[in-house]
Structures are given as structure tokens and as C-alpha cells.
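The values are calculated or read from the model by the stated rules, or taken from the named source; none is laboratory data. Just so we're clear, the structure is a prediction, and the values are computed from it rather than from any experiment. Please note: Cβ atoms are built from the backbone with ideal geometry, for glycine as well, and neighbour counts cover all protein chains shown. Side chains included, ligands, DNA and RNA excluded: accessible areas come from the protein's heavy atoms. Shrake-Rupley method; radii C 1.70, N 1.55, O 1.52, S 1.80 Å.
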Amino acid sequence: MTTLKEKENRYSYNRVNDDFSGVYDYVKKGEIKKPYVLDENQYRIEVSTTYRHSQFWLYSLGVSYQKDSYDEYYKQTLFKSQLDKQTPKAEAKVLYQKQKYQVGVGVSFEAQKSQKAFTQEDTTFQSLYQEIYLPAFRYRTMDKNYLTLELDYIYSLKERQQIGARFTLGKLWADKSELILNDQAYKVRAHQVYMSLYFQF
């Protein structure tokens, strides 16, 4: 549990130039002096198994279950929010190993599900609550699905020195009917591409 007893400044933002959507001027709206309390808990269970088919091929399967709980409130403004989420996940990997290099392919899928979602409006900063916090809270409560594909390549140079590359493709999607702000439903779709290079010595 985290408790903050110092003051907290609250800011809103004004767009500086309509031609640049990411540039804002932040304006102080007030401050809160009463305690802020956050109770955050996370539980995770994971089970995996590995099977070596031959000298070169290695297979692995894994499943996990994670539960996250958030409970926060400001005593001065009567603001409060609660969120419980569960995330089951399944993944599979295949690894091909040779003396000088190895190649791995992995795929995983996880589904975030909200079990409890509650928020009580901020009585002091209602405009900030509607403008900033509520959209973020509703996005957090959405049931989201993640699909990820990874490709790893590692090459051994000498002794324990290795050089490698990792490519990651990811997709996120959710039911757009769950995110409604100002009577408008927002579509949640995202595609991600990552590439990383690393050296071990």
C-alpha cells in the first residue's frame, strides 16, 4: 500500500497550435493537500514444460494466469477507483540449435479481462476528471487481446561471446463498444514491430 501525504498539483493542458496536435501548454488548476492512497496487488501463476526432440530441436509450452488489483482514492476530493483484472496467457516456442548459431520462433496470446471496474467522480476537479482520468480509466478497463510473434537469431563468436537479433510483431485489439466517450465509440486496434540487436561477452 502506498500513501502520499504531501500536496499534489493538478494541471490541465491547452493546445498551443492546431497544426501540431502533440504540443500543449500545461496550466495549473489547483492542488490537493490530503492523503492519496493506492493499494496495488499482483498475483501470478506460471507453468511450463520443455521437450528436446533431438540434438538440434527444442520445444517449449507455457501457460500463466495473472490477477491485478488496484484500489485508489483521494480523501479530500472523495475520488475513488477500483479495478480488478485477470490475464490468462499461452505461449509456444521452437528452438533450433547448432554449434555456431541458434534460431528461435515463439508465439504468444493473452487476453485481459476486467472483473470489477468502478470509479467515483472527482468532486473538486470535475473537468480534469472528465478530460484526463476517465478516458484513461475506461481504456484500462477494456478487455484487450494481445498476439505476439517473435523471431530470435543468435550467433556464437568465440568462447562466451555472442551476437544476436530479435524481431517482434504484435497485434492489439479490443471491442470498440467498450470505449465510449462523449457518445462516441473509439476503435482500439494497434500493430507493433520491434527489432533489437544485442551483444554478449
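Couple of notes before you dig in:
Conditions tested, residue by residue: (1) more than 17 Å from MET142 (Cβ to Cβ); (2) touching a Gly at 6+ places or on another chain (Cβ under 6 Å).
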position: GLY62; (1), (2): yes, no
position: TYR74; (1), (2): yes, no
position: GLN82; (1), (2): no, no
position: LEU95; (1), (2): yes, yes
position: TYR101; (1), (2): yes, no
position: VAL105; (1), (2): yes, no
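- Within the range 102-143, tally of residues that are of a type outside the set (S, T, N, Q), at pLDDT below 90 and not in a loop (DSSP other than H, G, I, E, B): 15
- Candidate set from the range 97-108 (those that are in contact with a strand residue (DSSP E or B) (Cβ under 8 Å, 6 or more places away or on another chain) and open to solvent by 80 Å² or more (accessible area, probe 1.4 Å)); member that is farthest from GLN161 (Cα to Cα): GLN99
- The sole residue among LEU151, LEU157, LEU134 that is free of Cβ contacts under 8 Å to residues at least 60 places away in the same chain, within 29 Å of ALA92 (Cβ to Cβ) and either touching an Asp or Glu at 6+ places or on another chain (Cβ under 7 Å) or among the hydrophobic types (A, V, I, L, M, F, W, C) (or both) is LEU151.
- The set of residues from the range 184-201 being at pLDDT below 80 and open to solvent by 80 Å² or more (accessible area, probe 1.4 Å) comprises GLN184, TYR186, LYS187, PHE201.
- Pairs where the first residue, in the range 50-63, is at pLDDT 95 or above and the second is part of a loop (DSSP other than H, G, I, E, B), C-beta under 7 Å, 6+ apart: TYR59/HIS53
- Boolean, TYR70 is of a type in the set (Ser, Thr, Tyr) and over 30 Å from THR123 (Cβ atoms): no
- Pairs meeting the criteria (first residue in the range 95-106 and within 14 Å of LYS158 (Cα to Cα), second residue crowded, with 17+ Cβ neighbours inside 10 Å and aliphatic (A, V, I, L, M), beta carbons under 8 Å, at least 6 apart or on different chains) are TYR101/ILE154.
- Complete set of residues in the range 78-96 that are over 20 Å from GLU40 (Cβ atoms), open to solvent by less than 50 Å² (accessible area, probe 1.4 Å) and of a type outside the set (Gly, Ala, Ser): LEU95
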